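Peer 1: Below: one structure in structure tokens.
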Amino acid sequence: MFTYSVVMPCLNEELTLEMCIEEAKSGARDSGHEAEIIIADNGSTDESVNIAERLGCIVVKVETRGYGAALDAGIRSATTPYVVMGDSDFSYNFNDAPKFVAELIRGADVVIGNRFVGGIEDGAMPWHHKYIGNPVLSALGRIFFRIPVSDFHCGLRAVRQAKYLEASPTTSGMEFATEMIARLANIQATFVEIPTKLRKDRRNRKPHLRSFPDGWRHLKMMLLFSPEFFQLYPGLLLTLIGSFGIASLAITGQINLLFASGSIQTSLFALVSFTVGLQLAAASFITMAVANAKAITRFKPWKKIERVVISATFFWISCSLVIFGIVTLLGIGGSWLQSNFPSVDPFQQTRKTIPLIAIVIAGVQGLICSIQVRQVLSKFW
């Protein structure tokens, strides 16, 4: 026999709360286990709190509004090492709770239900959630975090409380569901996914979830925790496009890209692409350095990047690029002054100056990146 906690976030759920509580009790009783039931009340004005107290539940009053705030308070108040969480609208079957806890006891840190395998009742999930939102976000989550989770936003899940406290999510809204997974992935938690059924909820009001605003918040959360996909790879792509354009201008006097061709004007767009790309890539290095300083080692390419960025060779190459670019540009400026500015051919001079400006930008960005990464990794910061 084992004891676990069941946490239900609640905001005016008087129609369904009692059914959820009774189901959680029967699930524990029928499996021969014990469960403490915690209702994380988020400011209910109906009979929800009275129902929970009458049924012997622990009621945690959560002043900060939001799904994440309620769950966080409930999980932190649990007195057992295993915590199951699920919505109190009767959409999830709390009889499955012992199955989730059993996986934790076998060694998993996080157990998440899969509604697409367990079954979705008719009308339980809007079509755009079922066929677009959840599959797309879940696919991105698997790519970004490299964990075996196919239903990122299933509301029925279980976690070791100690592991949750180590991850320590901070968001208060619906994006908490994604942040929780992201932070647990960051500390190398082990994930297990098991089938669970999604029922049509029994509410007589609109759900708290807002499809598009909350979906966007989930996506932003995934990107913020994934500097490779949010910064590094887009940065490298933009840098490559800009480098090709600038090199083409220097060698041939023309830029011929698949989506643009020209000379002076197009070269400015190439320079912008090059600059923004370098900034994104450098920002990803700094983000990974911060993660490493916090003992997060999820980013596989980081160790190789770190060796390069903090090396003396990288630092002095960056210095050399800055010095070479500035000295050469000053020399060109001096020749303009001597030959009288009106006689200068702007097209021919652009072929020289744009590549040199790019070299200076690359050198400066390299210096800043090298210094900031060293600062982040230094024990003095």
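The values are calculated or read from the model by the stated rules, or taken from the named source; none is laboratory data. Predicted model only: the values in this text are computed from it and were never measured. Quick reminder, even Gly has a Cβ in these numbers, built from the backbone with ideal geometry, and neighbours come from all protein chains shown.
Peer 1: For region 113-155, which residues satisfy the criterion of being among the charged types (D, E, K, R) and under 15 Å from the mean Cα position of the chain (by Cα)?
Peer 2: Arg142, Arg146 - these are the residues of region 113-155 that are among the charged types (D, E, K, R) and under 15 Å from the mean Cα position of the chain (by Cα).
Peer 1: On the basis of being hydrophobic (A, V, I, L, M, F, W, C), closer than 23 Å to Thr266 by Cα, out of contact with any helix residue (DSSP H, G or I) (no Cβ under 6 Å at 6 or more places or on another chain) and at pLDDT below 70, does Phe380 make the cut?
Peer 2: no
Peer 1: Further, regarding this structure: Within the group Glu36, Glu23, which residue is within 13 Å of Gly86 (Cα to Cα) and among the acidic types (Asp, Glu)?
Peer 2: The unique qualifying residue is Glu23.
Peer 1: Within region 300-310, does at least one residue satisfy the condition of being modelled with pLDDT under 80 and either under 30 Å from Gln188 (Cα atoms) or not in a helix (DSSP H, G or I) (or both)?
Peer 2: The answer is yes, given that some residue of region 300-310 is modelled with pLDDT under 80 and either under 30 Å from Gln188 (Cα atoms) or not in a helix (DSSP H, G or I) (or both).
For every residue, the table says whether it meets (1) buried (at least 18 other Cβ atoms within 10 Å of the Cβ); (2) in contact with a Pro (Cβ under 8 Å, 6 or more places away or on another chain); (3) touching a residue at least 40 places away in the same chain (Cβ under 8 Å); (4) not charged (D, E, K, R).
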site	(1), (2), (3), (4)
Ile39	yes, no, yes, yes
Val49	yes, no, no, yes
Asp72	yes, yes, yes, no
Phe94	yes, no, yes, yes
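Peer 1: Any idea which of Arg54, Arg65 is within 32 Å of the chain's Cα centre (by Cα) and either surrounded by 17 or more Cβ atoms within 10 Å (Cβ to Cβ) or in the same structural domain as Met180 (by TED's automatic domain parsing) (or both)?
Peer 2: Step by step, each of Arg54, Arg65 is checked, and only Arg65 is within 32 Å of the chain's Cα centre (by Cα) and either surrounded by 17 or more Cβ atoms within 10 Å (Cβ to Cβ) or in the same structural domain as Met180 (by TED's automatic domain parsing) (or both).
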